[in-house]
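Peer 1: Have a look at the structure that comes next, please.
Just so you know, all these numbers are worked out from the coordinates, no wet-lab data involved. In this text the structure is predicted, and so the values were computed from the model without any measurement. Quick reminder, even Gly has a Cβ in these numbers, built from the backbone with ideal geometry, and neighbours come from all protein chains shown.
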Amino acid sequence: MNGSQILIESLKREGVQVMFGYPGGSVLPIFDELYDSPIRFILTRHEQGAAHAADGYARATGKVGVCIATSGPGATNLTTGIATSYMDSIPVVAITGQVKTHLIGNDAFQEADITGITRPITKYNYLVKDVKDLARIVREAFHIASTGRPGPVVVDIPVDVQTHKADFLWPKEVEIRGYKPTYFGHPGQIKKAARFINKSKKPLIYAGGGIIISGAEKELKTLAEKLNAPVTMTLLGLGGFPGSHKLSLGMLGMHGTAFANYAIMNADLVIAVGARFDDRVTGRLDAFAPHAKIIHIDIDPSSISKNVKVDVPIVGDAKYILKQLLEELNKVPDTGEWFKAIEEWKKKHPLFYKEGVSIKPQYVIEQIYEATGGKALIATEVGQNQMWAAQWYKYDYPRSFFSSGGLGTMGYGFPAAIGAKVGCPDKQVFDIAGDGSIQMNIQELATAVNEKINVKVAILNNCYLGMVRQWQELFYKRRYSYTHLCNPDFVKLAESYGALGLRVSKKEEVRPAIEKALSTENVVFIDFQVEQEENVFPMVPAGEAIDRMIGGMA
Ligand SMILES: Cc1ncc(C[n+]2csc(CCOP(=O)(O)OP(=O)(O)O)c2C)c(N)n1
Ligand SMILES: [Mg+2]
């Protein structure tokens, strides 16, 4: 077989059913092989779109997402998507073409040192120098991407390697020296954690994206119910515990609920599961959770005690460790008094927005929630739209919310929604977008329409780079420096691609437009002309302790 045949055969053996990408000179042999391969190929209109679509597919299905691009500019266009997946621990294999082996280092046409460029934004990367190594490398790449703390892996394949011949040798097992993720928690540490839990009167579970990655949602729910302990989630943890459950406090952190932030600042025990104490969660570090002992369960040993010193570190997979912990727990803490305090905060400081005659963006999200019965898959862009989508839709299911948390990539949501819809064709998929962000990958309208990937895009059109404007309003004396947007006509724009465009300028049109989008067998853009200077509250100003919130209090 030649290298391209070996690649495609390897992808098939890995169970790859779909790839997203864009062709070019250095991947021509691979594309020739794809031409009559059973793998569904989705031609995006920009490589960044392909990388985000592969990421959205991975988040929605739990499988490894695959994208491909040519050398040089094709490969560099993937990098924002790769970095997005890296920051959020998403399993993606990105295949890039490379110039011929003997030209590497010669500043050849369309040469970019993509293994060098992506070293800090991949879990691992490979330059395939010999076709004999290709099958093994692909096998390893999928293994590394999907095990332990997942992440993106780049496989860079020079175009001559794609045509060189070798026998197809598929390794039975993967054996990588120095790479052995730990799955089971240390029994001594589990016992210690159980002792801390037994002594606690004000426990709080702080759940991150690791819950969803490890499929630990059932164990988490059992634990929370057994302890009668409140649960707060990070942005990436949304859906890991049902948002409508009575023990849910919603999201914590910079734009978290006031009661979640008060809870973590008053808890005597924080059980952090698959979360990494990101600065958007902790606020001022030396003031974070001052009264709490901290148990930290995480598969990545390097994230333990990285930002916050913890009392009981447990390295391993969240699902296994929660199972182990549940077996160890016999006494259940009495959390009655704790819940009284929490109920008080909930009553005093609920999530809140002021209704008016204009369309409030929060109202749009609530209506999407109601119209879909909370069963849709929701991708977001970045900015206010993202935070409102996190606050006002209740995520009851894992793998139902896709957002660029770590990198905060504008332009992520639309292609990610496309990838999610490809992975879950029977689900309604929304991208909750900002008018700024949607224009960063608007070209993917062509992909969605041509491939009949019927995602719905709800643009919260505030004519601003809203989140930046909010900071300018609050911290830069309302000097709106280059954040006002003069937008295209989104309805005409959608129509020009063959999608349905709807404009909504009155409150009473909101729900009918959502219903119309849901019943339309096409890609739909809804231009919601929302209140322009609405702010996301509550808000913890940068560098403050997370109970020092401003705004949004009823
Ligand atoms: C690629 C990229 N560039 C810049 C930023 C900085 N940024 C964060 S939010 C934001 C504004 C987003 O505007 P819009 O998409 O309209 O969303 P809104 O906040 O108005 O809902 C900007 C510029 C970013 N996150 N990503
Ligand atoms: Mg905006």
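Peer 1: What's the magnitude of the charge dipole for segment 336-385 around its Cα centre, counting Lys and Arg as +1 and Asp and Glu as -1 at the beta-carbon? Answer in Debye, nearest 20.
Peer 2: Magnitude of the dipole: close to 100 debye.
Peer 1: For Tyr179 and Tyr476 in one chain, what is 0.36 nm times their gap in residues minus the Cα-Cα distance, to one decimal in nm?
Peer 2: 102.1 nm
Peer 1: Given q = 0.18, 0.24 Å⁻¹, what are the Debye log10 I(q)/I(0) values for segment 12-74, with equal point scatterers placed on the Cα positions and solvent ignored?
Peer 2: Rounded to two decimals, the profile gives -0.62, -1.04.
Peer 1: Shifting gears a bit: Starting at the first residue of segment 230-242, write each ³J(HN,Hα) from the Karplus equation 6.51 cos²θ - 1.76 cosθ + 1.60 with θ = phi - 60°, in whole Hz, x for Gly and Pro.
Peer 2: Taking θ as phi minus 60°, the curve returns x, 10, 10, 10, 7, 3, 6, x, 4, x, x, 9, x Hz for segment 230-242.
Peer 1: Local charge sum around Gly419 (other residues, Cβ-Cβ under 9 Å, Lys/Arg +1, Asp/Glu -1)?
Peer 2: Numbers: positive: Arg59, Lys421; negative: Asp55.
Combined, the nearby Lys, Arg, Asp and Glu give +1.
Peer 1: Quick one: net charge around Arg45, please, counting Lys, Arg +1 and Asp, Glu -1 for every other residue with C-beta under 12 Å from its C-beta.
Peer 2: -3
Peer 1: Now, a different point. Placing unit charges on C-beta atoms (Lys and Arg positive, Asp and Glu negative, everything else neutral), compute the dipole magnitude of segment 402-497 about its Cα centre in debye, rounded to 20. Please report the intermediate quantities before stating the final value.
Peer 2: Values: 9 positive and 8 negative charges, 69 e Å.
It works out to roughly 340 debye.
Peer 1: Have a look at the DSSP beta bridges in the chain and tell me what percent are antiparallel, nearest 5. Display every interim value, and only then the final one.
Peer 2: Working: 4 of 68 bridges.
Taking every DSSP beta bridge with both residues in the chain, the antiparallel ones total about 5 percent.
Peer 1: Summarise the long-distance tail of P(r) for segment 1-117 by giving the % of C-alpha pairs beyond 20 Å.
Peer 2: Counting pairs separated by more than 20 Å, the tail of P(r) holds 39 percent.
Peer 1: How do the peptides 16-27, 122-133 rank, highest first, by the average count of neighbouring beta carbon atoms within 10 Å per residue?
Peer 2: Values: 16-27: 22.4, 122-133: 19.1.
Packing order, densest peptide first, comes out as 16-27, 122-133.
Peer 1: For Lys191, project a label point 7 Å along Cα to C-beta. Then give me every residue of segment 301-330 with its amide nitrogen under 20 Å of that point.
Peer 2: 311-316, 321-330
Peer 1: Let me ask something else. Among Leu169, Ala193, Thr182, whose Cα projects farthest towards the positive end of the dipole of segment 161-222, with charges put on the beta-carbon of Lys, Arg (+1) and Asp, Glu (-1)?
Peer 2: Ala193
Peer 1: Still on this structure, please answer the following. Please compute the contact order of the chain in relative form: average sequence separation of alpha-carbon pairs under 8 Å and at least six residues apart, divided by the residue count, as a percent.
Peer 2: The normalised contact order for the chain reaches 14 percent.
Peer 1: Quick check on segment 78-179: what does the Kirkwood estimate of hydrodynamic radius come out to from the alpha carbon pairs, in Å?
Peer 2: Every distinct Cα pair counted, the radius reaches 14.2 Å.
Peer 1: Packing-wise, with mean Cβ within 10 Å as the measure, how do 94-101, 430-437 rank, highest first?
Peer 2: Numbers: 94-101: 25.0, 430-437: 29.5.
Put in order of decreasing packing, that is 430-437, 94-101.
Peer 1: log10 I(q)/I(0), Debye, Cα-only the chain, no solvent, q = 0.05, 0.09 Å⁻¹?
Peer 2: Log10 I(q)/I(0), no solvent term: -0.21, -0.68.
Peer 1: How far apart, in nm, are two points set 7 Å out from the Cα along the Cα-to-Cβ line at Leu326 and at Lys354?
Peer 2: 4.6 nm
Peer 1: Sort 534-541, 35-42 for me by packing, meaning the mean count of neighbouring Cβ atoms within 10 Å per residue, highest on top.
Peer 2: 534-541, 35-42
Peer 1: Relative to the Cα centre, what is the charge dipole magnitude of the chain, using +1 at the beta carbon of each Lys and Arg, -1 at the beta carbon of each Asp and Glu, and rounding to the nearest 20 debye?
Peer 2: On the way: 61 positive and 59 negative charges, 327 e Å.
So the dipole magnitude of the chain works out to roughly 1580 debye.
Peer 1: For segment 1-68 and segment 474-500, what is the centre-to-centre distance using only Cα atoms, to the nearest Å?
Peer 2: 33 Å
Peer 1: Continuing with the same structure: Counting only residues 5 or more places away or on other chains, whose amide H sits under 5 Å from the amide H of Val312 once H atoms are built in the peptide plane?
Peer 2: The list, which skips near neighbours in sequence, is Ile294, Ile295, His296.
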